[in-house]
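The values are calculated or read from the model by the stated rules, or taken from the named source; none is laboratory data. No experiment lies behind these values; they were computed from the predicted model shown. Heads up, the Cβs are rebuilt from the backbone with ideal geometry, glycines too, and the neighbour counts pull from every protein chain shown. Areas reflect the complete protein model, heavy atoms only, side chains present, ligands, DNA and RNA absent. Shrake-Rupley method; radii C 1.70, N 1.55, O 1.52, S 1.80 Å.
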Amino acid sequence: LQNYSMAINDFEAAYAYLNNNSELILSIADTYLYKLNLYDKALFYYDEALSINPNDFDALLGKGVTLQKKIAYNEAGIYLENALHLKPQAGEVYYYMAIQALSYDKDTLNACNLWEKANSLGVQEAVIQSKTYCSALMSEE
């Protein structure tokens, strides 16, 4: 964790000079989201990336995931849908849409179908979720 904190300091120092560099901005946002769990800071940088390119797939997906983590499911769904529209074969979008279906919509069947799609597109984590939430559902059929 200390290494990520040090890295973020370096990233932010670079951002002071390269504040239009989408790749750098997304690296900062992803570090805040996935490594440091600082969601408000992640949202700030995803918004910065989206201000440069409103159709940035990684920024849309990252913002959607961050909003899910903040339990802002309604808003998260909008960003996930936009990401899916840009890349309909991106398995990670289906993975997070399944979380959306389960957590927000309380629709386990849809979540299971989405995890199956994510798995077919190469997202291995979807298998774990399917085993956890869908095994009993599938045995009922």
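A few comments on the model shown:
- The C-beta contact set for the range 58-73 (first residue under 14 Å from L38 (Cβ atoms) and open to solvent by less than 40 Å² (accessible area, probe 1.4 Å), second residue of a type in the set (A, V, I, L, M, F, W, C) and not in a helix (DSSP H, G or I), distance under 9 angstrom, 6+ apart or interchain) comprises T66/A72.
- Considering residues of the range 72-105 that are at pLDDT 95 or above and of a type in the set (D, E, K, R) only, the residue farthest from I128 (Cα to Cα): E75
- The set of residues from the range 1-40 being among the hydroxyl-bearing types (S, T, Y) and either within 14 Å of the chain's Cα centre (by Cα) or under 20 Å from L61 (Cα atoms) (or both) comprises S22, S27, T31, Y32, Y34, Y39.
- Of all residues in the range 70-110, those satisfying the criterion of being on the phi < 0 side of the Ramachandran plot and assigned to a loop (DSSP other than H, G, I, E, B) are K70, A72, K87, P88, Q89, A90, Y104, D105, D107.
- Qualifying residues in the range 86-126 (those that are among the β-branched types (V, I, T) and closer than 21 Å to K63 by Cβ) - the one surrounded by the most Cβ atoms within 10 Å (Cβ to Cβ): V93
- Residue within the range 45-54 that is over 22 Å from A90 (Cα atoms), open to solvent by 50 Å² or more (accessible area, probe 1.4 Å), at pLDDT below 95 and over 14 Å from the mean Cα position of the chain (by Cα) present: no
- Test: residue in the range 8-22 that is in a helix (DSSP H, G or I) and either at positive phi or open to solvent by less than 20 Å² (accessible area, probe 1.4 Å) (or both): yes
- Picking from residues in the range 23-34 that are under 14 Å from V65 (Cβ atoms) and of a type in the set (A, V, I, L, M, F, W, C), the one that is surrounded by the most Cβ atoms within 10 Å (Cβ to Cβ) is A29.
- A count restricted to the range 90-110 and to residues that are over 14 Å from V65 (Cα atoms) and in contact with an Asp or Glu (Cβ under 8 Å, 6 or more places away or on another chain) stands at 0.
- Residue check, N37 open to solvent by 80 Å² or more (accessible area, probe 1.4 Å), within 26 Å of D105 (Cα to Cα) and outside any helix (DSSP H, G or I): yes
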